1. Tell me the GluC sites (Glu not before Pro) within the stretch 192-223 that lie in a loop according to DSSP and have at most 12 other beta-carbon atoms within 10 Å.
2. Set the Förster radius R0 to 35 Å, insert the Cβ-Cβ distance between ARG184 and THR51 as r into 1/(1 + (r/R0)^6), and round the FRET efficiency to 0.05.
3. Using θ = phi - 60° and the Karplus curve 6.51 cos²θ - 1.76 cosθ + 1.60, what whole-Hz ³J(HN,Hα) does each residue of the stretch 167-176 get, with Gly and Pro shown as x?
Amino acid sequence: MKLYKYGGLFSVLTLIVVAVVFAQWRNGQRKITRVEVSFAENRHDFLDVETVNKLLILNQELSTIGVKDTLALSSIEAGLEAYAVVWNAEVFTSPSRVLTVSVEERIPLLRIIGNETYYVDIEAVKVPLSEHFTAHVPLFFGTPSEKQTEALVGFMQKINTDDFLKKEIVQIEDQDGDYLLKIRSYDFIIEWGEFTSFEQKAVKLKTLCKYLDAVEEKPDFTRINLKYNQQVIASS
């Protein structure tokens, strides 16, 4: 009798386990019914919801994806991140069969104008221009190599940590390995030289601009040179 009793209990437990596993499997096979798209920090300069939906349709047949189809979800993320303007994509599903797509765009740091025209971001990745959006970032005139692009990105990161320079720098130009800068509030060209001694050169430039703001009669020069230690050389 005891063996029969325990055997019956084992059978019941087995049926319960099978039922739970089957229910989980069935739940995982349920198909997506709706897609919700969001953008990190609500920033969507290059893309909009309609564009992301089109990209999703191009990459996957959404109606065939199961709620717990992790391989398909990973494939969607990889497909979105293959687009140059997308920095990160996260895709997940809910028990109510909603596919949620969160997209984070790349943020332009500098606009390159040379043999090609494009933006670069903080990772030195090329970001294509958009017909619907223009980033207000400094312009670089030239065709930089990969190494030079990385140096430009490093320089711009330093620029963006300084409130004055971030507001003022509007243009950078390569002249045989030396760099010429233009700023927003003054007409003179700045001979910055190589991307070295950033702090010293920044202090000299800001000190000069502060002096020019304080005097009534502006000096007559069109160019300043910051390349030499503890000197600012002005010329016409």
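1. Values: sites: GLU194, GLU199, GLU216, GLU217; in loops: GLU194, GLU216, GLU217.
For GluC sites (Glu not before Pro) across the stretch 192-223 that sit outside H, G, I, E and B with at most 12 neighbouring Cβ atoms in 10 Å, the list reads GLU194, GLU216, GLU217.
2. Details: r = 33 Å, r/R0 = 0.94.
About 0.60, to the nearest 0.05.
3. 7, 9, 5, 10, 8, 10, 9, 8, 10, 6
Bear in mind that the values in this text are calculations on the coordinates, not laboratory data. Worth saying up front: this structure is predicted, and the values here are computed from it rather than measured. Here Cβ is always computed from backbone atoms with ideal geometry, including for glycine, and neighbour counts include all displayed protein chains.
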